[in-house]
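Taken together, the values in this text are just the output of simple stated rules run on the coordinates, not laboratory data. Please read all numbers here as calculations on a predicted model, not as lab measurements. Heads up, the Cβs are rebuilt from the backbone with ideal geometry, glycines too, and the neighbour counts pull from every protein chain shown.
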Amino acid sequence: MSTAETLMLVAVFVLICAAAFLAMSETALTRINRIKAMTLAEEKRRGSHALVRLVEHPERFLNPVLLLVLLCHLVAATLIGVVAERLFGPIGVAVATAFEVVVVFVFAESLPKTWAVQHPERASLITAPLVSAIVGFPPIRLLARGLIGLTNMIIPGKGLKEGPYVSEQEILALADAAVEEDVIEREERQLIHSIIEFGDTVVREVMIPRPDMVAIEARATVNDAMEVVMAAGFSRIPVYEQGIDDINGLLYAKDLMRAVRDKRGDVQVRELARTANFVPETKRVAELLPEMQKQKSHMAIVVDEHGGTAGLVTLEDLIEELVGEIVDEYDVEEPPIEPLPGGDVRVNARMPIDELNDLLEAEFPEGDYDTVGGLVYFLLGHVPAEGETVDYDGRRLRAERVQGRRIGRVRISKLEPVADRE
C-alpha cells in the first residue's frame, strides 16, 4: 500500500468521524426547543449561549449541516472506492461498498443519532459551539444558500423558514401522553387544555347573557337597591337610565351599606354609581383578563356590534375558563351536567357546543351560535315548546324548562340504530 493510499484511508476515517459528529449535531439540535436552551443558558452551562443562537433560527444551521454530512459521505465513498480498486480490482470495489454501507450506517448515522436521542442536552451542548462556528464560515453558508436557491428554482418556495415547530395540537397530544405515562396528573392536563383554549375564547362565550343580568334603574332609591342586592347576592350590579341598553354605571354593595349607615336610604342610586367599563363581545378573553387586572376592575359590560347591551362579564367568569366552575357557599346553581338513568344526560342550555362535543364525543355542528340552546334553535328553526325534540347525528335533544322564548335545560338521549328498532 502506497503513501497516497494510506493518506486516503486516513481521510476516509476522518470524514466518517466528521459525518458522525454532524449527524449527532443534527439530531441533538433539532430535539432541543428554545425554552430548554434558554433554561440551560440560565444555568450557565458551557456551550449554552451558542445553543440558544442556533435553536432561535434552526433554518440557519440545518441546511449547512445536512450539506456537510452529504459531502462527507460522498467523498469518503469515493476515496474508499479508489483505494479498493487499486488494491483488489473490481471485486474490491464491491466489497468496499458493502463494507462502507455497514460502517457508515452504524458508526456515522445510527450510533451518534441514537446517543443524541438518549442524551439530547449533553449532545447539544457539546456540538453547539463547533456547529455555530462551522455554519458561520462564509463559504459554507454561501454554498448552502446557493443550493437552496437552486432548489427553489425547481420547486418554487422559500426553503426552510422559521415557524411554529410545535403546534397546539402537538402540545395537547403531549399532555395526553404524559397523563397516560403518569408524568403529570389529570388535573394538570385539564389545566393545559384550558390554557390553550383560553387564547381562542371570546367574551361572548363566557359572559352572563342579557336575560340573566340583574340590574337596577338609576332613579331607584338606596333602600330599593339594597333589597335587590340582598336577594341576588351580588357585590355589584349595573345601573341603567332609560333601559338595559342605557347602562351608565355600576352600583357596589359596599357603597349601599355605607349610604344606609349614613341614613341616606332615600337617595337615588345614580348618585352612588361608579364608572362602568364596556367591552365588545368579540374581544378575546386573553386580552381582557390583563386589562381588568390592570384597571382593578371586577366587572365589564359587554356590548354587541350595534352598541346594545349583550351581557356582562366578571373577573370570576374569566378565571373559571382556566380553573373550572367556582361556586361559593351562597351560590344556588344547578349542575351544568346531570347524568340520568339509561345513559341520558341533562345539560344547561348555556353549555358551549365544544364542551358538549367533548362530553359526548359527538360532532354537533358549530355556527353563529355558541351554546346548546342555540343549537336547538338552529336545528328546529323556531322557538321550541317545552318538551319539543329534534334529532341529529344519532341523538335526540329535548328542550326542557322553556320559559317564554328561553330554554333552560336540554335532555340528550342516544337513539337506537334503525336496524335495532326494526
Practice prompt. Work out the count of Lys pairs in the chain where the Cα-Cα distance is under 22 Å, with the pair 8 or more places apart or on different chains.
Written response: 8
Worksheet item: For region 246-289, rounded, prolate or oblate, judged on the Cα gyration tensor with a ≥ b ≥ c (square roots of eigenvalues), a/c < 1.5 rounded, else prolate if a/b > b/c?
Response: prolate
Practice prompt. Please report, in whole Å, how far the alpha carbons of region 337-421 spread along each principal axis, starting with the longest.
Written response: 37, 24, 24
Worksheet entry | Ratio of Rg to Rh over the chain (Cα coordinates, Kirkwood Rh, two decimals) | 1.20
Worksheet item: Roughly speaking, what % of Cα-Cα pairs in region 3-154 are separated by over 25 Å, rounded to a whole number?
Response: 39
Item to complete: Tell me what the chain gives for mean residue ellipticity at 222 nm when only DSSP H runs of n ≥ 4 count, each as -39,500 (n - 2.57), the sum divided by the residue total, rounded to 500 deg cm²/dmol.
Response: -16500 deg cm²/dmol
Worksheet item: Using alpha-carbon positions, what is the distance between the centroids of region 83-98 and region 6-25, in Å?
Response: 19
Worksheet item: Put +1 on the Cβ of every Lys and Arg and -1 on every Asp and Glu Cβ in the chain; which of TRP115, LEU251, ALA76 then has its Cα farthest towards the positive end of the dipole?
Response: ALA76
Discussion item. Can you find, among ALA232, VAL260, VAL303, the residue sitting farthest towards the positive end of the charge dipole of region 206-323, where Lys and Arg contribute +1 and Asp and Glu -1 at Cβ?
Written reply: VAL260
Worksheet item: So what are region 186-309's ellipsoid semi-axes, whole angstrom, largest first, if each one is the square root of 5 times an eigenvalue of the alpha-carbon gyration tensor?
Response: 31, 17, 12
Worksheet entry | Charge dipole of region 57-150 about the Cα centre (unit charges at C-beta), most positive-ward option of PRO64, PRO90, VAL106 | PRO64
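Need one word for region 91-157: rounded, prolate or oblate. Basis is the Cα gyration tensor (sqrt eigenvalues a ≥ b ≥ c); a/c below 1.5 gives rounded, then a/b vs b/c decides. Intermediate results must be reported in sequence, preceding the final value.
Numbers: a/c = 2.20, a/b = 1.18, b/c = 1.87.
Because a/c hits 1.5 or more and a/b fails to exceed b/c, region 91-157 counts as oblate.
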Worksheet item: About the Cα centre of the chain, what is the dipole size in debye to 20, counting +1 per Lys and Arg Cβ and -1 per Asp and Glu Cβ, all else neutral?
Response: 2200
